[in-house]
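The values are calculated or read from the model by the stated rules, or taken from the named source; none is laboratory data. Since we're looking at a predicted model, the values are computed, not measured. A quick note on method: Cβ atoms are made from the backbone with ideal geometry, for glycine too, and the neighbour counts reach across all protein chains shown. Side chains included, ligands, DNA and RNA excluded: accessible areas come from the protein's heavy atoms. Shrake-Rupley method; radii C 1.70, N 1.55, O 1.52, S 1.80 Å.
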Amino acid sequence: MSEFRPPTIIVNFKVYAEVEGTRSLTLAKTCQKVSKESGVEIAVCPPVIGLALVAHTLDIPVYSQNVDPLKPGSGTGYVTPSMLHSTDVKGTLVNHSEHRQPAEQVKTCIDMCKYLSLDVCACAESVDKAKELAAFGPQMIAVEPPELIGGDISVTTANPRIVSDTVDAVHSVDKDVAVLCGAGVKTGEDVKTALDLGARGVLLASGVVKSRDPEAVLRDLIRYI
Ligand code: G3P
């Protein structure tokens with residue numbers, strides 16, 4: 001059994017205007033405050049441009065929103081596993097719906113990140129994709145139906161079956177992979193349902209990032225944990 005403990009909540013800041021400039025650090029500090037006070041592990045994924053600042057300032061897990069399968073060297077505009085590792089970043093998302101990569105690239109990213117002890121949360125749009133990615137051995141897989149991303153109906157309400165089926169499918173391949181779910185998650189009820197369906201946590205964005213009161217949303221998200 002792996003000793004890896006997945007974050008219960010991963011907040012993907014995406015590239016929303018609300019996290020431009022130093023606001024990325026402000027939101028990350030709010031996530032850290034709620035995490036420390038509650039004991040619930042919350043990880044943050046700031047925009048790439050703010051990763052180093054947030055990772056050096058905070059001590060909750062800071063993940064990149066993406067990584068490219070490149071070694072250090074000649075390459076322009078990429079985010080390498082080595083770069084993340086040397087910047088105190090704890091892990092990364094890969095293959096997000098808004099940043100898809102071919103399966104072989106996802107595998108290479110996972111291998112390179114594992115070598116550097118970086119956590120990987122691989123995103124999948126379907127049960128089948130989640131099962132395919134489970135064979136690559138990431139620590140986490142987040143299932144997110146693309147059509148629900150950014151909307152007001154949580155995956156746990158619109159399609160609870162995809163969550164429980166993904167848990168079963170992934171665990172039929174590798175029991176140590178933690179399954180998360182995301183898309184439209186906004187409330188403590190949504191998180192509770194996700195956990196009841198067998199997920200270990202949630203990956204969310206707009207519910208926190210676009211809120212006028214992110215701290216209140218975060219406190220609500222963890223209320224049943
Ligand atoms: O990365 C999380 C994401 O794709 C879900 O976004 O806005 O539906 O929580 P949102």
Sorted by mean Cβ packing within 10 Å, highest first, what order do the peptides 216-222, 142-148, 17-23, 91-97 take?
91-97, 142-148, 216-222, 17-23
Which order do 112, 140 take by accessible area at a 1.4 Å probe, largest first?
112, 140
Over the chain, what is the mean sequence separation of C-alpha contacts under 8 Å (at least six apart), divided by residue count, expressed as relative contact order in percent?
18 percent
When each of 33/129; 90/192; 71/192 is checked by Cα-Cα distance, pairs over 28 Å
33/129; 71/192
Over all viewing directions the Cα convex hull of region 70-186 casts an average projected area in nm² of 7.6 nm²
Output the DSSP H helices from the chain with an along-axis C-alpha extent of no less than 30 Å and a mean Kyte-Doolittle hydropathy no less than -0.5.
none
Within region 120-205, DSSP-loop trypsin sites (Lys or Arg not before Pro) with at most 16 other C-beta atoms within 10 Å are 175
Can you give the charge dipole size of the chain about its Cα centre, rounded to the nearest 20 debye, using +1 on the beta carbon of Lys and Arg and -1 on the beta carbon of Asp and Glu?
380 debye
Tell me the carbon and sulfur percent of the accessible area for the chain, rounded to whole percent, probe radius 1.4 Å.
50 percent
Whole angstrom only: what separates the Cα centroid of region 190-225 from the Cα centroid of region 1-68?
14 Å
To the nearest 10 Å², what's residue 167's accessible area with a 1.4 Å probe?
20 Å²
Bin by bin, in steps of 10 Å, what percent of the Cα pairs in region 31-111 do you find, going until the bin that has the longest distance?
18, 46, 28, 8, 0
Percent of alpha carbon pairs in the chain separated by more than 21 Å?
50 percent
Taking the chain and counting helices only, DSSP H stretches of n ≥ 4 at -39,500 (n - 2.57) each over all residues, the nearest-500 ellipticity at 222 nm comes to -11000 deg cm²/dmol
